[in-house]
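S.K.: After the structure tokens below, expect a handful of questions from me.
Every number in this text was worked out from the coordinates using simple rules, so none of it is lab data. These numbers were taken from a predicted model, which means no experiment stands behind them. Here Cβ is always computed from backbone atoms with ideal geometry, including for glycine, and neighbour counts include all displayed protein chains.
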Amino acid sequence: MKKQSFLQGSLLLTLSAVFAKLCGAMFKLPLTAVLGGTGMGYFSCAYGLFLPIYAVLVTGLSTAVARPVADFTGKKKSACALKVRNTARILCLVMGLAGMLAALLSAKFFTLRTSGSLDAYPAVLAVTPAVLFCCLTAVERGYYEGLCSMTPTAVSQAAEAVVKLLSGLFFCHLFMHSDFSILKNYTPESRGAFGAVLGVTLSTAAGWLCLIIRNPVRNQTEFSHEIPPSSKKIIKLLFKIMIPAALGALVTNLTSLIDLFTMMRSFSQMLASSPELFYQKANLAKNIPPEDAAAFVYGSFMGLSVTVFNLVPSLTNMLAKSVLPCTAQAWASGNHRQAAHYARQVLILTGMLAVPAGCGIFALSKGILEFLFSGRTAEIQAAVSGLQFLAPGLIFLCLAFPVFSLLQAVGRENLPVKVMIPGILVKLLCNLLLIPKFCTAGAAVSTSLCYALILVLALFSLRKELGEPLFLLKPLFFQFWGGALCAGSAWLCYDRSLFYFPQKFAFLLALLTAVLVYLLVLFLTSQKEIKMILVQKHAPA
């Protein structure tokens, strides 16, 4: 199998992620129109169960397989790499079946606890087989990624997106407008949500089928004469990597969970003590009734600010995924300088994308929300300050993901979990202190401080493990300088353009101006770093 460079793999995965995001938007918009608010509530109940399972299983299991496969490949032990895949297949089949059975048995309890009724029960049942397919998919993706071939993962992600779009909408219409006997006691919205979630489950099956159709054994020409490790040792190694990797994937979910438990409580207390002050701090429209105010502000923050915030890390995370096997192979072969070279590459490339995005979101928070959520004036008004102060955290989180992958690549998969603990404690403490004073802006500041601390601790740990300097200060300085100019030009262009053009056109013009300014600054200040990324040279051992 042809080995891909880090940059080639990153490009493939990023393009696949962008395509999947576009298909996801094309899926959600008509689905909302068909199901309405009630039906989307049922769908969200099941989809809310699916997303963390998908993130944890696919991230944790694929990393657990990719790491040892990359190690063995770097040591020219192809037979050992194949043994890892075959053992992981059996292990994940057992885990997937057990997880699916547990999800089936707890589906009714989960539905009642989250929605308070059984109307979402069919949709929750429909998502349970996805647990099995997520496990099986993770093994195949991890094996290919360990061989530094990102094409199968990119193709399977694209296949999942297309099948979810087509089958989800098809089955939603089919079950919503047909009275199947098995669902005859449920409302049309409940049946439609079941059909939509069934399409999501089928998409996970399609992604798995895309991977097993390719047979890497036919392309594997070199086999090691060494005896592969026992299945027991491989299983132990897989769990050793999988558990901390899965916990590391939960970092964004943990901050949202802390917000869930602290924001609503703080808002209720603020409303009870001084409703007028709460409305002022939350920038809340006067027509929102007090009994709905806390839920409205929290929903605006999560539904608008956090949704925009999560867009960029979901794309830059593809860089973290592609750098892991390349670094693991270099580390396993003893070329620590090459591993440090990959670390420098991925962090500079991530910064080139994340820094202008974060600076631009800070400068154009209101314009972005008005562009994406036009007509939701009250929600935008309540969400603007939260998004603005989340912007620095976006940069820190995007840079933290590849550092986590690099630590996993050099065999220190436990360190990401250790550096997360102080960050989560800071998030909790700052939420309790800042939310009563600054409302959603306080929650956003605490999130940014959390990710900043996690990044600093993770970088310190990585530098210590690599034993090689990364030389990041100069390129990051120029990136932040370019990001500041990019944000300033975007804000100025947007502010002036609103006098002459409609909002959407003014925003697109400001966005184009910001991109051109940033590219010019990069060209003038970072030619050496760009050449280093584009020209794939191997560092000496």
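S.K.: Whole angstrom only: what separates the Cα centroid of segment 380-430 from the Cα centroid of segment 190-208?
M.R.: Centre-to-centre distance over Cα atoms comes out at 31 Å.
S.K.: Same structure again: Within 10 Å, count the other beta carbons around each residue, average over each peptide in 377-387, 164-174, 394-404, 231-241, and list them highest first.
M.R.: The most tightly packed comes first, giving 394-404, 377-387, 164-174, 231-241.
S.K.: Applying the Karplus parametrisation 6.51 cos²θ - 1.76 cosθ + 1.60 with θ = phi - 60° to the phi angles of segment 260-277, what ³J(HN,Hα) value in whole Hz is obtained for each residue in order, glycine and proline being reported as x?
M.R.: Taking θ as phi minus 60°, the curve returns 4, 7, 9, 5, 4, 5, 5, 4, 5, 5, 5, 5, 5, 7, 7, x, 5, 5 Hz for segment 260-277.
S.K.: A follow-up question, please. From the phi angles alone, apply the Karplus equation (6.51, -1.76, 1.60; θ = phi - 60°) to segment 77-82 and give each ³J(HN,Hα) in whole Hz, x where the residue is Gly or Pro.
M.R.: Result, ordered by residue: 10, 5, 5, 5, 4, 5 Hz.
S.K.: Please sort 262-271, 408-417 by packing, taking for each peptide the average over its residues of neighbouring beta carbons within 10 angstrom, highest first. Intermediate results must be reported in sequence, preceding the final value.
M.R.: Numbers: 262-271: 18.2, 408-417: 21.5.
My ranking of the peptides, most packed first, is 408-417, 262-271.
S.K.: Counting only the backbone N, which residues of segment 381-398 are under 20 Å from the spot 7 Å out from the Cα of Asp292 toward its beta-carbon?
M.R.: Answer for segment 381-398: 381-384.
S.K.: How far apart, in nm, are two points set 7 Å out from the Cα along the Cα-to-Cβ line at Leu432 and at Ser230?
M.R.: Calculated label separation equals 4.8 nm.
S.K.: For Ile182 and Leu425, compute 0.36 nm times the residue count separating them, minus their Cα-Cα distance, and round to one decimal in nm.
M.R.: Working: separation 243, 0.36 × 243 = 87.48 nm, distance 4.76 nm.
Full extension of this stretch gives 82.7 nm more.
S.K.: Here's another thing I want to ask about it. Can you give me the P(r) profile for the chain? Cα pairs, bins 10 angstrom wide beginning at 0, each as a whole percent.
M.R.: P(r) for the chain, in whole percents per bin: 4, 17, 26, 28, 18, 7, 1, 0.
S.K.: Another one. Taking all pairs of distinct Cα atoms, average 1/r, flip it, and tell me the Kirkwood hydrodynamic radius of segment 250-470 in Å to one decimal place.
M.R.: On the way: mean 1/r = 0.0548 Å⁻¹.
Kirkwood hydrodynamic radius for segment 250-470: 18.3 Å.
S.K.: Kindly provide the helix-only [θ] at 222 nm of the chain, computed as the sum of -39,500 (n - 2.57) over DSSP H runs of four or more divided by all residues, to the nearest 500 deg cm²/dmol? It would help to have the intermediate numbers written out before the result.
M.R.: Numbers: 19 runs with 446 residues, N = 541.
My calculation for the chain gives -29000 deg cm²/dmol from helical runs alone.
S.K.: Which length gain, in nm to one decimal place, applies between Leu22 and Asn310 when the Cα-Cα distance is subtracted from 0.36 nm times their residue separation?
M.R.: Values: separation 288, 0.36 × 288 = 103.68 nm, distance 1.47 nm.
Full-extension gain reported as 102.2 nm.
S.K.: So how far, in whole Å, is the C-alpha centre of segment 481-534 from the one of segment 272-333?
M.R.: 24 Å
S.K.: Turning to a different aspect of this structure: For a quick protection proxy, order the peptides 432-438, 363-369, 317-323 by their average other-Cβ count within 10 Å, most packed first.
M.R.: Numbers: 432-438: 16.7, 363-369: 22.7, 317-323: 25.4.
The most tightly packed comes first, giving 317-323, 363-369, 432-438.
S.K.: Let me ask something additional. So, in nm, how far is label Thr377 from label Leu101 when the simple model puts each one 7 Å beyond its Cα toward the Cβ?
M.R.: The answer from the label model is 5.7 nm.
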